[in-house]
Amino acid sequence: MIAIVKYNAGNIRSVTNALHRLGVEALVTDDPKLLREAEKVIFPGVGEASSAMRYLRERGLDEVLKSLNQPFLGICLGLQLMCKHSEEGNTDCLGIFNENVKRFQSTKEKVPHMGWNNCSELKSSLFNGISTADDFYFVHSYHAELGTQTTAQCEYILPFSAALQKDNFHAVQFHPEKSAEVGQQLIKNFLEL
Amino acid sequence: MDIKDGRTVKGVNFVDIRDAGDPIELAKVYVEQGADELVFLDITATVEGRKTFAELVGHIAEEINIPFTVGGGISSVSDVEKLLAAGADKVSINSSAVKRPELISELANEFGNQCVVVAIDAGKVDGKWRVFTHGGRTATELDVFEWAKQAEELGAGELLVTSMEHDGTKGGFAIELLKELNAITHVPIIASGGAGNAQHFIDVFEKTGVDAALAASIFHFGEVPIPQLKNELRTKGIPVR
């Protein structure tokens, strides 16, 4: 069973739809027992970091998520919440990754970074069958810095972490569920982990 | 895509499509061809039609795997809540934002500015670009450039700009208008109105700096196939997916 973490962030429907298109049904839950028992866990999200962290802490979900051992995939805000700290609402996050989350600063380029972009330095099996010429769909105003756990880079205003990994914890900044065939391939790769 | 009572209106002339009036069939063809985003505009005026549209949005979200924007008849936070919950990525507002500009802020605060698209229909009155509402039927006193800046300040995440002078002419996009709008705003601009061939897309990207271009009938009728268009843009060094 695939579990999707239920919390106060949007975009859960598009992830369940993407799984459904692959013939996989997912359970949307915030029940610690069900999350622990799931074969795989997806942590999606479109929302604001500090209010999302508050929600997770109030329910003890922060500790539950950190302690999971099965393949885990954070998407967009999910990736940022898995980092150490976020400038958005100046909040400490789950700290699964060492990297910090900063706001894009530019007077020239448009923020949010919204649209299709390719990634380089692909170092994770999530990118099997995907090349540095393939584009993913991004929508974000904050980014995780590059670090030792970076498994893919994207460049917009500056190079940032498009994907991160530590042990069973994987995360991507873009939206695979909105990234056409390439995104579907990445989700398939995750399901095969 | 213009939608009425859950069906695509405006003519569609695809060969490999079973039902040209079914927006989902059409959407799937565009996804396959490499469209980067889709826009569905509900032009139904009835309450029943609106309900059909909300249901349709749910089905679109189930079937397609690229971002899509929905618009038409949106005037409140609760309207948007329903459409986003059904799976839309962004909503586009037009007349209701002109009537009550605070709506832009309300939506941006509630859902984030990345999902608030302000659509501007621009037409010339006595040589000046004015904002039109109600599907281009009503002229307002609003200056297009002032309105674009105001919409951005209020929290619009994107501007979808249609030149009514160019729409349907197939003579090219409104280069001067779009160039100036792009220079005075900091959010992505989607150019709309006037696309007739690949060169028009090359021109709008090279000459105005806009981020995206939209077309309807030339795609519906297969006059400019998307894969071919993207190849031509690539040849000119314009980055495309």
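Observations on the model:
- Test: residue in segment B:56-70 that is surrounded by fewer than 21 Cβ atoms within 10 Å (Cβ to Cβ) and either part of a strand (DSSP E or B) or among the hydroxyl-bearing types (Ser, Thr, Tyr) (or both): no
- Any hit, segment B:125-133, residues being at pLDDT 95 or above, within 14 Å of chain A (Cβ to nearest Cβ) and in contact with a helix residue (DSSP H, G or I) (Cβ under 9 Å, 6 or more places away or on another chain): no
- One residue stands out in segment B:95-112 among those that are modelled with pLDDT of 95 or more and part of a loop (DSSP other than H, G, I, E, B): the one that is surrounded by the fewest Cβ atoms within 10 Å (Cβ to Cβ), namely B:Arg100.
- Within segment A:22-48, being within 12 Å of chain B (Cβ to nearest Cβ) and more than 19 Å from A:Leu193 (Cβ to Cβ) holds for A:Gly45, A:Val46, A:Gly47, A:Glu48.
- Total residues in segment A:151-184, condition over 18 Å from B:Glu63 (Cβ atoms), within 14 Å of another protein chain (Cβ to nearest Cβ) and surrounded by fewer than 20 Cβ atoms within 10 Å (Cβ to Cβ): 2
- Scope segment A:75-93; condition small (Gly, Ala, Ser), in contact with a helix residue (DSSP H, G or I) (Cβ under 7 Å, 6 or more places away or on another chain) and outside any loop (DSSP other than H, G, I, E, B); matching residues: A:Ser86
- In the set (1) in a strand (DSSP E or B); (2) more than 16 Å from the chain's Cα centre (by Cα); (3) away from every other protein chain (no Cβ under 14 Å); (4) among the hydrophobic types (A, V, I, L, M, F, W, C), A:Val64 fails one condition alone, (1).
- Yes/no for B:Leu84 being within 14 Å of chain A (Cβ to nearest Cβ) and in contact with a strand residue (DSSP E or B) (Cβ under 6 Å, 6 or more places away or on another chain): no
- Segment B:156-180, residues that are of a type in the set (Gly, Ala, Ser) and either surrounded by fewer than 19 Cβ atoms within 10 Å (Cβ to Cβ) or more than 27 Å from B:Gly112 (Cβ to Cβ) (or both): B:Ser163, B:Gly168, B:Gly171, B:Gly172, B:Ala174
- Entirely in segment A:1-47, the strands (runs of 3 or more DSSP E) that have 1 or more residues that are in contact with a Phe, Trp or Tyr (Cβ under 9 Å, 6 or more places away or on another chain) and within 21 Å of A:His143 (Cα to Cα): A:40-43
The values are calculated or read from the model by the stated rules, or taken from the named source; none is laboratory data. A quick note: this is a predicted structure, and the numbers were derived from the prediction, not measured. Heads up, the Cβs are rebuilt from the backbone with ideal geometry, glycines too, and the neighbour counts pull from every protein chain shown.
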